[in-house]
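The values are calculated or read from the model by the stated rules, or taken from the named source; none is laboratory data. Just so it is clear, the structure is predicted and the values come from calculations on it, not from any experiment. Note: ideal-geometry Cβ built from the backbone for every residue, glycine included; neighbour counts use all protein chains shown. These area figures cover heavy atoms from the full protein model, side chains too; ligands, DNA and RNA do not enter into them. Shrake-Rupley method; radii C 1.70, N 1.55, O 1.52, S 1.80 Å.
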Amino acid sequence: MSVSKAVSNQSSQNSIEKRLQIQRLVEATQIVAPNTGGDVVKGLTQISKSLPPSYFYDDRGSELFEQICNLPEYYLTRTETAILQQYASEIAIMTGACELVELGSGSSTKTRILLDAYQQLGYPLRYVPIDVSAGILESSAKQLLVDYPSLQVCALAGTYELALAQLLTTQLPSRIICFIGSSLGNLKPQECDVFFSQIIDALQVGEYFLLGVDLQKPKHILEPAYNDNQGVTAAFNLNMLEHLNQRFEGDFDTAQFKHWAFYNETEHQIEMHLRSLRSQSVELRALNLKINFAADETILTEISRKFDLNTIKQQLTTKGLVPLQVWTDPNQWFGLLLCQLQPANI
């Protein structure tokens, strides 16, 4: 390598380091430190066993989810991406210069569509990705900084609740919090209410919330998206047990569990389970917990609610997050809502 090229590479690296901050909220607060896990104990000692979906997302789980997003059966990502590609410029024009905060940022692939739209309008770029996986946060942030030379990134590794509570006052005229990718569907109705309250607390009046929701549709379209032919979703689901093994000194044998996902038409939600293939006992030594499973007993690992567009619009408006514009695809499979926080008395 020539001296000039080495100097150029070093200069580029220094520029990235100056424009990147990563705060590891999980380690700093010890809220989700390796030897806690009260949510695991609670979930696995109930009559109907369950686990929080946050345990999907160790580094391996995040990688598998990125693969899921590219599967032919998984219409959600490509449908939402198409909506963003068509309307990102309109979003940027409506909001003006904004700090972009993204919950569950992952590889930030769809975020680039928004960054491009703001950049084309000549707005400064400041991005706050939030994810429980510090590994994917760092790798995706560094690639973004290479591709967007004027971008500033302040990444937060932690839960949504922790990160939203620790957002600093934005340096730009406004802020937009993005919760895209249909992740709202993972929350039960009461959890949705709490989540919207956290969003409101993180925004100033007049600031924005961009929400992506998967809409109700026939079972024959929904179920294949969670039961792909390549088995990636099954691997993603089973990886939760590997994550628990690593984190809590467990001895789950993933070969003795099977992925099971179906659409509950009454509740309008996909339910994803892990089914025990035999009677067995599992221990999580760090939690001093032993769990007995009957043959065919399941662990609920995720719900994915499917929304009625008019109902979610009304719910947001009631909270003060007033939808300014709603965009859908030609099939009306997916909805993207741009909301603005209004004063409490409106």
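For region 247-272, give me each residue that is under 17 Å from G231 (Cβ atoms), out of contact with any helix residue (DSSP H, G or I) (no Cβ under 8 Å at 6 or more places or on another chain) and among the polar types (S, T, N, Q).
Q256
Yes or no: region 71-80 includes at least one residue that is polar (S, T, N, Q), open to solvent by 30 Å² or more (accessible area, probe 1.4 Å), on the phi < 0 side of the Ramachandran plot and not in a loop (DSSP other than H, G, I, E, B).
no
Would you confirm, using the coordinates I've provided, whether F293 is open to solvent by less than 30 Å² (accessible area, probe 1.4 Å) and over 21 Å from the mean Cα position of the chain (by Cα)?
Against the criterion (open to solvent by less than 30 Å² (accessible area, probe 1.4 Å) and over 21 Å from the mean Cα position of the chain (by Cα)), F293 qualifies.
Could you figure out which of (1) out of contact with any Cys (no Cβ under 8 Å at 6 or more places or on another chain); (2) in a strand (DSSP E or B) isn't true of L324?
(1)
Pick out the one residue from S62, S89 that is of a type in the set (G, A, S), over 20 Å from L336 (Cβ atoms), touching a residue at least 12 places away in the same chain (Cβ under 8 Å) and touching a helix residue (DSSP H, G or I) at 6+ places or on another chain (Cβ under 8 Å).
Going through S62, S89 in turn, the sole match is S62.
Does F307 satisfy being under 30 Å from Y87 (Cβ atoms), crowded, with 19+ Cβ neighbours inside 10 Å and aromatic (F, W, Y)?
It is true that F307 is under 30 Å from Y87 (Cβ atoms), crowded, with 19+ Cβ neighbours inside 10 Å and aromatic (F, W, Y).
Across region 201-221, what is the number of residues that are surrounded by 16 or more Cβ atoms within 10 Å (Cβ to Cβ), among the hydrophobic types (A, V, I, L, M, F, W, C) and touching a helix residue (DSSP H, G or I) at 6+ places or on another chain (Cβ under 9 Å)?
Qualifying residue count for the region: 6.
Among the residues of region 171-206, what is the count of those that are under 16 Å from L103 (Cα atoms) and in contact (Cβ under 8 Å) with a residue 12 or more places away in the chain?
Result for region 171-206: 23.
Is it true that E283 is in contact with an Asp or Glu (Cβ under 8 Å, 6 or more places away or on another chain), over 16 Å from D253 (Cα atoms), of a type in the set (D, E) and open to solvent by 10 Å² or more (accessible area, probe 1.4 Å)?
Spelling it out, it is not the case that E283 is in contact with an Asp or Glu (Cβ under 8 Å, 6 or more places away or on another chain), over 16 Å from D253 (Cα atoms), of a type in the set (D, E) and open to solvent by 10 Å² or more (accessible area, probe 1.4 Å).
When the residues of region 233-280 are narrowed to those that are of a type in the set (D, E) and under 21 Å from the mean Cα position of the chain (by Cα), which ends up most open to solvent (accessible area, probe 1.4 Å)?
Only one residue tops the list, namely E242.
Do you know which residues across region 33-59 are among the charged types (D, E, K, R) and closer than 18 Å to E249 by Cβ?
From region 33-59, those among the charged types (D, E, K, R) are 39, 42, 49, 58-59; that's our starting set.
Scanning region 33-59 gives D39, D58.
Anything in region 44-68 that is more than 22 Å from Q230 (Cα to Cα) and surrounded by fewer than 20 Cβ atoms within 10 Å (Cβ to Cβ)? List them, or say none.
T45, Q46, I47, S48, K49, S50, P52, S54
Just wondering, is there one or more residues in region 113-127 that are free of Cβ contacts under 8 Å to residues at least 12 places away in the same chain and either within 24 Å of D58 (Cβ to Cβ) or of a type outside the set (V, I, T) (or both)? Please lay out each step first, then the result.
Of all residues in region 113-127, those free of Cβ contacts under 8 Å to residues at least 12 places away in the same chain come to 122.
Applying the additional criterion that residues be either within 24 Å of D58 (Cβ to Cβ) or of a type outside the set (V, I, T) (or both) yields 122.
The answer is yes; a qualifying residue exists.
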